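The values are calculated or read from the model by the stated rules, or taken from the named source; none is laboratory data. Keep in mind that what you see is a predicted model, and the values were worked out from it rather than measured. Here the Cβ positions follow ideal geometry from the backbone for every residue, glycine too, while neighbour counts run over all protein chains shown. Just the protein is used for accessible areas: all its heavy atoms, side chains included, with ligands, DNA and RNA removed. Shrake-Rupley method; radii C 1.70, N 1.55, O 1.52, S 1.80 Å.
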Amino acid sequence: MTANAGNTRSRQARSHPDRLARYRGTVKKSRRQAASRLASDKDPIAEAKTSTPIAPHVTAFFGQRLPIERHASENTRDSYAYAFRLLLAFASKRLQVTPSQLTVEQIDAPLVLDFLNDLETTRGNGPNSRNIRLAAIKSFMHFLEYRVPSAIEQIRRILAIPVKKTESKLVRHLTAEEMQALLDAPDPTGWKGIRDRAMLHLCYAGGLRASELIGVRLDDLKLQPQPSVLVHGKGRRERCLPLWKTTTSALRAWLAARGTVPVPELFVSARGESLTRSGFEYILRKHVPTAKQHCPSLTTKRVHPHVLRHTCALTFLQATKDLRKVALWLGHAKTQTTEMYTRVDPAVKLEALESVVPPKLRSGRFKASDKLIAWLEAATFMSTKKPSK
């Protein structure tokens, strides 16, 4: 009946021009109202999909998720924060908005992939650094899954980004002569030279990471009855290491020159503040040119704090021949991590080579053929080739 009534009104409107105009206006008005209702129904959803600010979630991730829920270490939080500074700066430049105005929907998989590629091309980072930044982003995306369920598909695409394969190269290390030249580089007649010499000796003797070295406190150092140092290692693994006599002598000299500085750390800067990792890297780079003058072979090597750790590991491996002891000394959670030093030390391979009986070699002497016969064989071979058409 409704359809028939509508047809009747349309015929009546066509028969009277005034009614026809009013009818058309009514139809257009009803269409506009219907379109506006549809738009109003879709606007909240569309707005929710495109305007979820990312700043509150980043704040909750670093303020609650990492320190409270995960109890992540300070080094982990610093690494993740640096990764997000790079990511948000890249996204801000790409999208022409301030970092605080970025939304969750704008950080999608294509943008993350472009960011990772930019790390390698523009910043010159290697695959290892790229994978570390990607791990920080994935950890945040796992946290975001339960806070923004509407972006689950976008988050899963980011989580599906694979890590990049890395090369397994031999670890770089120093020889005994090169290491001694580096330890002798600081001038022990000044305050900074005494400090630098003690830092280099302790870093090498303990096989310490840069973060472990600057984190050593005065209470961690024990000089009586047996000199030792308590190291707060990676993954909250503590280890107590005995000290060599030369290392103990260097540390005693530094304690006498350090004075009463209101800082709990053992090593401090010239302003009486705690040292940073970049500060120790600067100290090491400062003494490398002096060491090169006494040991020219250092000119072909790149010396950084982890090289001292590798050198210590190889020294202990050659002395003990025990991979487990080296792992305990370095604070490795698994001995599989320490196995990379066995690929550098040739002594392990030589022992294996000497314990195996080599296969016998068949005796015989090489006899050169006659020159004429050799020429004829070459000529016969050449004649067998098909002539070119």
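Which ones in the stretch 65-84 are in a helix (DSSP H, G or I) and closer than 23 Å to TYR146 by Cα? I'd like the intermediate steps shown before the answer.
First pass over the stretch 65-84, keeping only residues in a helix (DSSP H, G or I): 65-69, 74-84.
If the condition is that a residue be in a helix (DSSP H, G or I) and closer than 23 Å to TYR146 by Cα, then ARG65, LEU66, PRO67, ILE68, GLU69, THR76, ARG77, TYR80, ALA81, ALA83, PHE84 are the ones that fit.
Please give the number of the condition LEU119 fails out of (1) in contact with a Lys or Arg (Cβ under 7 Å, 6 or more places away or on another chain); (2) closer than 20 Å to PHE61 by Cβ. Evaluating LEU119 over (1) in contact with a Lys or Arg (Cβ under 7 Å, 6 or more places away or on another chain); (2) closer than 20 Å to PHE61 by Cβ leaves (2) as the failure.
Residue check: THR246 meets all listed conditions (1) in a strand (DSSP E or B); (2) exposed (fewer than 15 other Cβ atoms within 10 Å of the Cβ) but one, namely (1).
Looking at LEU111, LEU66, LEU87, just one residue is closer than 26 Å to PRO305 by Cβ and either surrounded by 15 or more Cβ atoms within 10 Å (Cβ to Cβ) or more than 17 Å from the chain's Cα centre (by Cα) (or both), and that residue is LEU66. Looking at the stretch 87-116, which of its residues are more than 16 Å from VAL58 (Cβ to Cβ) and of a type in the set (S, T, N, Q)? Passing the criteria: only GLN96.
Here ALA319 does not fit the description of being at pLDDT below 90, touching a helix residue (DSSP H, G or I) at 6+ places or on another chain (Cβ under 8 Å), surrounded by fewer than 16 Cβ atoms within 10 Å (Cβ to Cβ) and more than 13 Å from MET179 (Cβ to Cβ). Does GLU238 satisfy being farther than 20 Å from LYS222 by Cα and either acidic (Asp, Glu) or buried (at least 19 other Cβ atoms within 10 Å of the Cβ) (or both)? So GLU238 does not fit the description; no. Within the stretch 157-184, residues that are over 14 Å from CYS295 (Cβ atoms) and modelled with pLDDT under 95 have Cβ atoms under 7 Å from residues that are of a type in the set (S, T, N, Q) and open to solvent by 20 Å² or more (accessible area, probe 1.4 Å) in these pairs: VAL163/ASN131; LYS164/ASN131; THR166/ASN128, counting only partners at least 6 apart in sequence or on another chain.
For the stretch 264-285, which positions are touching a Pro at 6+ places or on another chain (Cβ under 9 Å) and loosely packed, with under 15 Cβ neighbours inside 10 Å? GLY272, GLU281, listed by residue number. Considering the conditions (1) open to solvent by 10 Å² or more (accessible area, probe 1.4 Å); (2) closer than 21 Å to ALA327 by Cβ, ALA205 is excluded by exactly one of them, (1). Against the conditions (1) surrounded by 16 or more Cβ atoms within 10 Å (Cβ to Cβ); (2) under 21 Å from LEU308 (Cβ atoms), ARG258 satisfies every one except (2).
Taking the stretch 138-172 as the range and being surrounded by 11 or more Cβ atoms within 10 Å (Cβ to Cβ) and part of a loop (DSSP other than H, G, I, E, B) as the test, the residues that pass are ARG147, VAL148, ILE161, VAL163, LYS164, THR166, VAL171, ARG172. Within the stretch 123-134, if we keep just the residues that are in contact with a helix residue (DSSP H, G or I) (Cβ under 9 Å, 6 or more places away or on another chain) and more than 14 Å from ALA83 (Cα to Cα), the residue that is surrounded by the most Cβ atoms within 10 Å (Cβ to Cβ) turns out to be PRO127.
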